[in-house]
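Trainee: First, the structure itself, so that you have it in front of you.
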Ligand SMILES: Nc1ncnc2c1ncn2[C@@H]1O[C@H](COP(=O)(O)OP(=O)(O)OP(=O)(O)O)[C@@H](O)[C@H]1O
Ligand SMILES: [Mg+2]
C-alpha cells in the first residue's frame, strides 16, 4: 500500500500537482459531458480571445488605412532603447525577484524546518501583505521613505544626523526594495508548501547517514525544494516584469520608466492615444514574459516527483538551531516589521488634518475627521466598496464553478479535445494586467452591446485574469478525489447533476474556497485593470485610493487605505480559516489511500 | 574497541517526554556484539522513540546511552553526540529514500559525506558491494522514486550498511511490504544480518517477526520493557498475561488454587481439577488464571489417561490447511484448540481436551483480571468460565472472540 497522496491545495494555487494518475470515469463520452464541454470552451474562449485578438490586430495594422504594418514597432524601438525602458524593466524585475526569492525562501525554511521563533507572526504578516492592495502598501512606503517628508528620512537626517542625503524611495533602488518586500510575502507563502510537505525522515536519514546539518540542508533539503523553487521564482519574475503599482507610484514621479507604466502613460495620460503603439508595447512585454512562462511550466511539470507526503510517521522534527535560534528569530522579525511599518504609518497619516511626520506635538491634532469625510463625500466611497465586492465576488464565484467543471472534464472524461480547456486557460498567464485591461477595453469599446461602461466589463477582465490560477487550484482538488467516490455515486444511480451537487462540490469545497479566495483577493487588490476599465459608478476601491493620492488628498487616501486594509484583512483571514477547516474535513472524506 | 561478548549498545534508565506525555519510562537493555535484539510492543508504546533516542534523533530527558563503549547520550554530565557521529546505520519505516538521487547516490551518501575520507574508487567499490549484498546491483542507475517497496527497502538497507557501522537500527522495516514479500524479506534480512555480523536493534509490533528473527526479544508496554528473553523462552514462559497474549493466542480459565507441591500446582477450574507448573509461589485458595496456548492442547475421542483432561464438544471447525482450529464448548465456555489436520472431528463430537502440565501457565488473578477484562471474557469473580457475549454471532468472527490477543490482526491464519 502506498501512502503518497496529493499535496494539499494551498492559498495561492500556483503549484500544481500531477503525480496522481488520471482515471477516467466512463469509457464512452456521455452527451451531457459534450454539452458541458461546448459551453465551457465557448466561455473560456470568450474571456481570453477578444482582448488578445484586438491587441494583435491593433499592433499590426495602420490606424488610418487598416493595412498590415510593422511601423508601430519601428517607431517605438528607438524610444525604448533611448529611454532605457527595456533595461529598466529587466533590472527592476530581476533584482526584485532574486531578492524576494532568497529572502522569502530562507524565511519559509526557517519557519517550517527549524525551531526559529515567531513563525506564526511571519505567517500572519505575510498573509496580510498578500491580502492587501499593493497601492496601500506602496503609499505607506512613500510616507516612510519619501525624499522630502519620509518619516525614516526625517529621523535619519534631521534627528540623528546619520545620513547627509535622504533616502529616496522614488528611485530604481526604492522601487526594487518595495517590490521585493511585497513579493517576499508571496514567495514565503508559496515556499512554505514544499518545505512543509517534505517528509522529515528524508532529512533524518541524511543525518544518520553521517551528513552534518549544513550538508543535509545543501544536499537534501534544498534539492528537494528545488523544483517548487524554480516554479515560484519564474512566476515571481513574470509578475515583477508586469508589475504596475510600484513603478507607477514610485517610478513615474522619479522618472524611472518601465514597460508597464509606458503603456499606461500612453493610454491614459494623452488625449489621443496611439493604439497601435500601445499594442506594440504590450506585445513586447508579452514576448519577454513568454520564455519565462515556458520555464515555469517545465518546472511545475516535474514537481510531482519530489513533493510526496507519507501518511505514516508524521514527525515534525525541526532542526534545532541551538545558539543561532535567536539570531534566526531576529531575521524572522524583519518581515513583519517591513510589512507592518508602512501600515502603521498609514494609520498615523489618516489621523492627521494634513501630512505630518509622527511626533508628540503632532499627536494633539489627531482626529477621525478623515474617516468621517470618507462617508460624507456623497457616499461614493461606499459605492466603490460595493462595486469592488460585486466585481470581485461575482467574477470569483462564476470562475470557480466554471473551472471546477472544466477540471473535472479534463481529468475524468474522454471528451475529445478536452485539453483545449487547459490550453486556453493558461493563456492569460502571459498577458500582463495592464495589457489585458487595454485589450478588453478595445475589444468592447466599440460594440453596440452596452458592456463597456458597466461593471460587466470589469467582471469579464478579472475572470480572464484569474482563470489560470483558479483552474490550477481546482485541478489539484479534482485530482485528490479518488475516482471510486464518483463511481460509487454513479453506481448508486446518481446523474451528472447529482454527482456534482452531492459528491463533487462538497469534496471540492477546500479547492473551491482556495480558488475563490485567491480570485477575490487578487481582484480586490488589483489596480491597472480597474484604472483602465473604470467608468462612472464603477470605480473599484483601488482606483478610488489612487485618485485621492493623485489629486493630493494624502490624508483621505490614507484613511481609505486603513479602512480597506481592515476589511480585506478580516475577510482574508476568515477565508483562510474556512479553507483550512474544510480542507481538513474534505481531505479526510476524499478517501486518501 | 569492542571485545567479543562486550555489549555494543548499552541503554540505562532512558527517559523521554513529549511535553507532558511520558513516552519512555526508564528503559534498560544491553545488546551484545553481533546480536539481533528486538523491541516488540503495540502501537504507541514507545519503541520508535527508544530507537530514535539511540540514533540521536531525539534528545533524551534522562539516562545514558553508550554505543561500542562510547557514551553518546547522558543526562549527567550532559553529553549529546549528533546522529552523524554515532557510527550507526538506520532503516526508516518508510525507508527515506531520497527521490532526487539515483540508487547509487543514495547508497553512497554515508561514504561521500564531507568528512568521509574514502577515495572515489573505494566509494564505487563499496557501494557496488553493498548493492550486490542486497541483490540490487542491476538497478544502481535508477531514480529513488522508480523503485518498488521491496526494492526501496533494500536500498535503505544497503545505505545503512555501506559505511560498516557498529550498530544497525531498524524501525519496522517490513511493515510497508505486502504479506508474501514480508515473509521472504524476513529471512533474507536475518541471513544478511548474520553474514555481516552486525549488531542490530530491531523495532516491530509483529510478534511473528520478533520471534522468528531475533536472538532476544523485549516486550514493551507504555514506555516500559516488561520482559526480555530469547524467543522460545519468552513464548513458553511469558512473565504475565499481557506478554502471553501479545505473543500469541491463549485460552484463559479462571481458577482457584487447590494444592501446591513446590512448583507443581493443582487448581480447580469449574467442576474439574487441572495441574500446572508455576514459576512463582502460590497460596492455596488463591484466585488465579490458568492460561494454555491453543497449539499446546490436543483432542482425543474416548477415555483419556492424561493428567490434564477436560470434556468438550466441538462447536466449530475451521480448516486452514496446515492445521485445524477448533472451537469447543467446555461447560458452556469456548476454548480454542489447534490440532494437526490428520483426523478432523466433526461438529458435535464429544472429545477430551488434553494438555501437558508444563504447558499450563499460572498467573495471579488481581493483576491479570484488570488487564484481561477488556480482551477476554473470563470472569474470575464467580470462579466459573463464562461464554463471551459475542458467541451469539459466531459466524461473523468465528474463533477470535475467545482468543487472548491484543493485536488487531487476526491470528487465525498465522503460520506457526
Ligand atoms: N513528536 C511527538 N510529539 C508528541 N508525542 C509523540 C511524538 N512522537 C511520538 N509521540 C507519542 O509517543 C508515544 C510513543 O511513540 P512511538 O512512535 O515511540 O510509538 P511506537 O511504539 O513506535 O508505535 P508504532 O508502532 O505506532 O510506530 C506515542 O503515544 C506517540 O503518540
Ligand atoms: Mg514506530
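Here, each number is a calculation from the coordinates, and none is a lab measurement. Bear in mind the structure is a predicted one, so any value in this text is a computation, not a measurement. Cβ placement follows ideal geometry from the backbone for every residue including glycine, while neighbour counts extend to all protein chains displayed.
Trainee: Quote the relative contact order of chain A in percent (integer), defining contacts as alpha-carbon pairs under 8 Å separated by 6+ residues.
Mentor: Computed value for chain A: 27 percent relative contact order.
Trainee: Another question, then. Taking chain B as a Gaussian network, Cα atoms linked when under 10 Å apart, which of B:200, B:38, B:127 shows the biggest mean-square fluctuation?
Mentor: Ranking B:200, B:38, B:127 by mean-square fluctuation puts B:127 first.
Trainee: Place the peptides A:247-257, A:444-454, B:158-168 in order of packing, highest mean first, counting for every residue the other Cβ atoms within 10 Å and averaging per peptide.
Mentor: Put in order of decreasing packing, that is B:158-168, A:247-257, A:444-454.
Trainee: Then there's this: Pulled fully out, how much extra length does the chain show between residue B:261 and residue B:13, if you take 0.36 nm times their separation in residues and subtract their Cα-Cα distance?
Mentor: The span from residue B:261 to residue B:13 would gain 85.4 nm if fully extended.
Trainee: Using label points projected 7 Å from each Cα along Cα→Cβ, tell me how many nm separate residue B:122 and residue A:212, to one decimal.
Mentor: About 2.0 nm separates the two model spin labels.
Trainee: Please give the length that would be gained between residue A:71 and residue A:445 if that part of the chain were fully extended, namely 0.36 nm times their separation in residues minus their C-alpha to C-alpha distance (nm, one decimal).
Mentor: The span from residue A:71 to residue A:445 would gain 132.2 nm if fully extended.
Trainee: Ok, one more. How many Å³ per residue does the convex hull of the Cα positions in the range B:9-236 occupy?
Mentor: Output value, Cα hull per residue: 127 Å³.
Trainee: Okay, next question. Starting with the highest mean, order B:331-340, A:231-240 by the number of other Cβ atoms within 10 Å, averaged over the residues of each peptide.
Mentor: Per-residue Cβ counts within 10 Å, averaged per peptide and sorted highest first, yield A:231-240, B:331-340.
Trainee: Suppose R0 equals 22 Å. What FRET efficiency, 1/(1 + (r/R0)^6) with r the Cβ-Cβ distance, do residue A:226 and residue A:426 give to the nearest 0.05?
Mentor: 0.45
Trainee: Give me the inter-chain shielding for B:89-95: mean count of other chain Cβ atoms within 10 Å, whole number please.
Mentor: Mean partner-chain Cβ count within 10 Å for B:89-95: 6.
Trainee: Working from the alpha-carbon coordinates of the protein assembly as shown, get Rg over Rh, Rh being the Kirkwood radius.
Mentor: Value, to two decimals: 1.08.
Trainee: Next question. In what sequence, highest mean first, do B:258-264, A:213-219, B:324-330 appear when ranked by Cβ atoms within 10 angstrom?
Mentor: The packing order, highest mean first, is B:324-330, A:213-219, B:258-264.
Trainee: What is the distance in Å between the Cα centres of the range B:225-268 and the range A:189-254?
Mentor: Result: 59 Å between the Cα centres.
Trainee: Which distance in Å, rounded to a whole number, links the C-alpha centroids of the range A:321-393 and the range B:11-47?
Mentor: If we compute the Cα centre of each part, the gap is 55 Å.
Trainee: Which parts of the range A:452-491 would a label at residue A:505 reach, counting a residue when its backbone N lies under 12 Å from a point 7 Å out along Cα-to-Cβ?
Mentor: So the set is empty, nothing qualifies.
Trainee: Relative to the longest principal Cα axis of chain B, at what angle does helix B:179-196 sit, 0 to 90 degrees, rounded to 10?
Mentor: Relative to chain B, helix B:179-196 is tipped by roughly 60 degrees.
Trainee: How crowded by other chains is A:197-207, given as the mean number of beta carbons from other chains within 10 Å of each beta carbon?
Mentor: Mean inter-chain Cβ contacts per residue within 10 Å come to 6.
Trainee: Other chains' Cβ within 10 Å of B:97-110 residues: what's the mean?
Mentor: Partner Cβ neighbours, averaged per residue: 4.
Trainee: In whole percent, what relative contact order does chain B give with Cα contacts below 8 Å and a gap of six or more residues?
Mentor: Dividing the mean separation by the residue count of chain B yields 14 percent.
Trainee: Along Cα→Cβ, 7 Å out, is where each label goes; now give me the distance between the ones at residue B:303 and residue A:365 in nm to one decimal.
Mentor: 12.1 nm
Trainee: Using a Förster distance of 30 Å, how high is the FRET efficiency between residue B:87 and residue B:212, based on the Cβ-Cβ distance and rounded to 0.05?
Mentor: Here the calculated transfer efficiency is 0.60.
Trainee: Okay, moving on. Simple spin-label model, 7 Å along Cα-to-Cβ: residue A:376 to residue A:265 in nm?
Mentor: Distance between the two pseudo-spin positions: 3.7 nm.
Trainee: Report, in whole Å, the centroid distance computed from the Cα atoms of the range A:85-156 and the range B:171-193.
Mentor: Here the two parts' Cα centres lie 52 Å apart.
Trainee: If you average the sequence gap of Cα pairs under 8 Å that are 6 or more apart and divide by the length of the range B:281-373, what percent do you get for the contact order?
Mentor: In percent, rounded to a whole number, it is 41.
Trainee: In degrees, nearest 10, range 0 to 90: what is the angle between the Cα axis of helix B:149-161 and the longest Cα principal axis of chain B?
Mentor: 60 degrees
Trainee: For chain A, just say rounded, prolate or oblate: build the C-alpha gyration tensor, square-root its eigenvalues into a ≥ b ≥ c, call rounded for a/c under 1.5, and beyond that prolate if a/b exceeds b/c, oblate if not.
Mentor: Since a/c reaches 1.5 but b/c is at least a/b, the shape of chain A is classed as oblate.
Trainee: Rounded to the nearest 0.05, what FRET efficiency is calculated for residue A:389 and residue A:87 with R0 set to 41 Å and r the Cβ-Cβ distance?
Mentor: Step by step, r from the Cβ atoms, then E = 0.50.
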